[in-house]
1. Identify all aspartates and glutamates with a Cα-Cα distance to residue B:122 below 16 Å; exclude those on the same chain that are fewer than 8 residues away in sequence.
2. For chain A, compute the orientation-averaged projected area of the C-alpha convex hull (one quarter of its surface), in nm².
3. Estimate the FRET efficiency between residue B:7 and residue A:37 by the formula 1/(1 + (r/R0)^6), using the beta-carbon distance for r and 51 Å for R0, to the nearest 0.05.
4. Just tell me which lysines come within less than 23 Å, Cα to Cα, of residue A:132; anything on the same chain fewer than 8 places away is out.
5. Which aspartates and glutamates have a Cα less than 12 Å from the Cα of residue B:246, not counting those fewer than 8 places away in the same chain?
6. Can you list which of the DSSP-assigned H helices in chain A have a Cα extent of 30 Å or more along the long axis and an average Kyte-Doolittle score of at least -1.0?
7. Please compute the contact order of chain B in relative form: average sequence separation of alpha-carbon pairs under 8 Å and at least six residues apart, divided by the residue count, as a percent.
8. Which of the listed residues, B:46, B:12, B:26, is farthest toward the dipole's positive end in segment B:11-59, when Lys, Arg count +1 and Asp, Glu count -1 at the beta-carbon?
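The values are calculated or read from the model by the stated rules, or taken from the named source; none is laboratory data. The structure presented is a predicted model; accordingly, all values stated were derived computationally and were not measured. We place every Cβ from the backbone using ideal geometry, glycine too, and count neighbours over all the protein chains shown. Note: areas computed on protein heavy atoms with side chains; ligands, DNA, RNA excluded. Shrake-Rupley method; radii C 1.70, N 1.55, O 1.52, S 1.80 Å.
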Amino acid sequence: MKKEHTEDIESRLTGEDVKPAEQEVQEEKRSWFKRKRQGILTSTADKKEFPEGLWNKCPSCNHICTTQELKAALFVCPSCNYHHRIGSKEYFEILFDKNEYTPLFDEIKSKDQLGFTDLKNYQKRLDEIHAKTDLKDSMRVAVGKVHGQEIVVACMDFEFIGGSLGSVMGEKFSRAVDYCIQHKLPYMVISKSGGARMMESAFSLMQLAKTSGKLAQLSDAKLPYISMLTDPTFGGISASFGMLGDLNIAEPGALIGFAGPRVIKEATKKDLPPGFQKSEFLLEHGFLDFIVDRKQLKEKIAQLVTLFQH
Amino acid sequence: MPQYPNRQFLEFEQPIKELYEQIEATKKLAEKNPKVDYSNTIQQLYASIDEKRKEITTSLSPWQRVQLSRHPDRPYTLKYIDKMCTNFIELHGDRNVKDDKAMVGGFAMMDGETVMIIGQQKGINTKARQLRNFGMANPEGYRKALRLMKLAEKFNKAVISLIDTPGAFPGLEAEERGQGEAIARNIYEMIRLKVPVICCIIGEGASGGAFGIGVGDRTLMMENTWYTVISPESCSSILWRSWDKKEVAAEQLKLTATDMKGFGLVDEIVYEPDGGAHWDYDDAALRLKKSILQALHEVKDVDPLERVNQRIEKYGKMGFWEEVPANSLV
């Protein structure tokens, strides 16, 4: 029987790469084969070279396809419709006409003001990620056209400390709202986050009020706010602007909730029912307006903006 | 407050317990030898207790503050309401699902004026703790609180919230009924509430669960409380991948009243009686009441729309970042 794996969303907030459930797999295999000789025995001359990242395996159905195929399918598994986790770059490409958009507020960067040190110093962690990626923080904002209609989109990047909400996300979010009000544009936020950033302590908690206050202003200006929740969206995001959309929408099969599944399991000592905290579950309980497949996303957003504006 | 021997002592309060034991022993001696006058000795021991109380609170580590905020003898929301207000009428239910016992609230009179006072409630014994769900509210608790705040707004009464929770409840039903949405809605509505809102951390201020009733014009924080984005235990388990680093986590999170005041994230520290609020409920409540009335006095004459703008501005300023020219990063 296939065991449903409870993802540890919180572990992504550490900013370290997490290898999922490796141990479990090893244990399952143990009794069948025994390695007689240690090490790799194929000589280097016989080694076949494959470029890195050419193939991709679906974590849901194990379907294997080339990365190119997957990209053409907007990172949706051609076999089981599993929506792979993607970042702001990919979402902007999916949404904006001809991939043309203007990035906004890129000049804002995280820093360590509290000298927070867990297993690593926060500033060091930031420097490392800044060196490794082009991302400056866990959210990017851009303005561009979706089927000819202008819109501001703020999108999170899960790879940056689990898409965690800190001062920079709060500030970018706020400035994006100001931009929308100034230019009378609709606002869309694509959430993908484990929650608040612990390394910024209470400052990250205060972002919940900061962003909500700006949403109040957006609401007073009668501009639409679309909140799209993708896999995963937890903690401080769902306890603030994630759930406050004029419309709350989600991608299929996304895990969305306040407390992470591991925490709930530990607190209640109960097994979680299948499909718990998936977008379909949230739709059923009345917290989403609809679920949208990534392939229809652009159409749907354009359609919504038209409906709001005419 | 409970009298010795019904009092409970934390590890760093043990010296006080020993003094109490000495007093008991001396009292017994006095009974046995009625001819000897022990009153001086006993008086001295009581004086030592007072001294120890003072000593203890001056040198606490962040983790010890956390422990003190969870002291089983500490006064909880209803105790403060009882000591600070008259004519309290508790109101129940979210008009939707049920009445959440972890969240209480109602109209009360404070210094001659009607206020709406709400807060999380912990239990005072095992049975009550279960009933109150250890002060962890479900969505209906937050929705009850919101209903009461809206009621206060309608009748132009100030809102006072007393915060003391280890977090919003992480349960199956809580998720089904939208724990995230309930807290989000409260934060959103509180920031635009037209009446004065004074928030007071009286015990534990754990993350979204606390903030769900924690947005206001002024935030007061009692001396031996903590307020931050996650409990030190959970922080330790996530960032250090071990439950044993809670002391370090408490230090790193800078969650004490002094830190929070230093950051400008709370407005005032309310100092507690020597040794902590559990040593003198009346005094603790009196001090809190004084600070609440002062805060109310400061904000009550502001125009409602201006009040909302000030609130949005106040929270808008919170955060830290650096700005670099966009092109220099590429």
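1. Cross-link targets: B:73, B:82, B:90, B:99, B:100, B:164, B:204.
2. The number I arrive at for chain A is 19.7 nm².
3. After rounding, the FRET efficiency stands at 0.15.
4. Cα-Cα hits under 23 Å: A:19, A:71, A:89, A:109, A:111, A:120, A:124, A:172, A:192.
5. A:118, B:233
6. A:201-220
7. 16 percent
8. Checking the options against the dipole of segment B:11-59, the answer is B:26.
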